[in-house]
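Every number in this text was worked out from the coordinates using simple rules, so none of it is lab data. Every value quoted in this text rests on a predicted model; they were computed, and no experiment measured them. In this analysis, Cβ positions are derived from the backbone assuming ideal geometry, glycine residues included, and neighbour counts consider all displayed protein chains.
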Amino acid sequence: MELRGRTRHGAAVGAVRRHFDRLGDREWARQDSDATSRVSLEVHRRFLRRFVPRGAHVLEVGAGPGRFTTELAAQGCRVVATDASPAHLSAHGRRLRGTPAERGVLRRELLDVRDTSRYRDGEFDAVLAYGAPLSSTPVASCDALRGLLRILVPGGVVVASVVSLLGTWRHHLPDTGDPADATAAGCGDTDAPPPVPCRKFRWGDVVALVTEAGGTLLDGSASNWASLGDRDTLARLESDRERWRRFLEHEIAACAEPGTRDGGTHILFAVRR
Ligand SMILES: C[S@@+](CC[C@H](N)C(=O)[O-])C[C@H]1O[C@@H](n2cnc3c(N)ncnc32)[C@H](O)[C@@H]1O
């Protein structure tokens, strides 16, 4: 039984690794590809700054090409940067070496979020898991979150984002109008076949996940609200620096309201051990 469980786990880890390896360096470009993605990036950045203490010892899970490692390093954090994909981990090295952010990187390690057993209880002040790691483990997200909480000091924080069920539907409204058609897509780049299973969350699922894992939910946010709307208007707003600055303030405040948490492509949340 145990062996079969391990084999299944190994196969699932392999599928995640192959899928994200294939995506390669596209993740970096995707995050900056349009105004909607740039809003999401800014929401993620500010949420990180709110909850990850300056100078913290951080495990970053699913670090990808390293945008948020750069942010953590700018906050004086010391980061163990990890990812399930060897290709993404190499891209991380290529992007950061020779930049000031590299000073914040303690080491790079291959790691699937489902198995953090190599780390000691209380080893880190914070865990950052932005993007998809907790969505790419459909049946194990609670065990994975429990594992992340275990390696935190008491009072330490997991800051994460997962793919939003209703927001994904809103963003990719399919011709059929059927949410299942939009929400069956995999995590990451939806064009890359075959997609790994992707758990998409409602805000209520996030609350349930955190409760089941034994953490204390500190706050949450959508990655977008108004910025999932009219793309032309958004582009015009972005072309005017002052209007864009004001829009971002309103948008980020709106994303944090309880009524909008399901409305973006991702749901962000912070959990205290
Ligand atoms: C969408 S990218 C996000 C990268 C980065 N965190 C960011 O937000 O810019 C998701 C990353 O998570 C990694 N990933 C996906 N599933 C994972 C898992 N089960 N364990 C660890 N990393 C995983 C992928 O290889 C990929 O680099």
- line: Dividing the mean separation of Cα pairs under 8 Å (6+ apart) by the residue count of the chain yields a relative contact order in percent of 20
task: In square nanometres and to one decimal, what's the mean projected area of the convex hull around the Cα atoms of the chain?
output: 14.5
Positive-end extreme of charge dipole, the chain - chosen from PHE269, PRO86, GLY98 (charges on Cβ): GLY98
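Ranking TYR119, TYR130 by Cβ neighbours within 10 Å, fewest first, what do you get?
Details: TYR119 18, TYR130 25.
With the sparsest Cβ surroundings first, the list reads TYR119, TYR130.
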- prompt: Which trypsin sites (Lys or Arg not before Pro) does the range 84-134 hold that lie in a coil by DSSP with at most 13 other beta carbons within 10 Å?
  reply: ARG97, ARG118, ARG120
Candidates HIS171, HIS92, HIS57: whichever shows maximal mean-square fluctuation once the chain is modelled as a Gaussian network with Cα springs under 10 Å: HIS171
- prompt: Using unit Cβ charges (K, R positive; D, E negative) and no other charged atoms, how large, in debye to the nearest 20, is the dipole of the range 31-170 about its Cα centre?
  reply: 320
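Quote the charge dipole size of the chain about the Cα centre in Debye, to the nearest 20; the model charges only the Cβ of Lys and Arg (+1) and of Asp and Glu (-1).
Details: 40 positive and 35 negative charges, 184 e Å.
I would put it at about 880 debye.
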task: Mind checking which of VAL39, SER141, VAL153 is farthest towards the positive end of the range 2-272's charge dipole, using Cβ charges of +1 (Lys, Arg) and -1 (Asp, Glu) about the Cα centre?
output: VAL153
message: For the chain, give me the percentage of DSSP beta bridges that are antiparallel, rounded to the nearest 5 percent.
response: 40
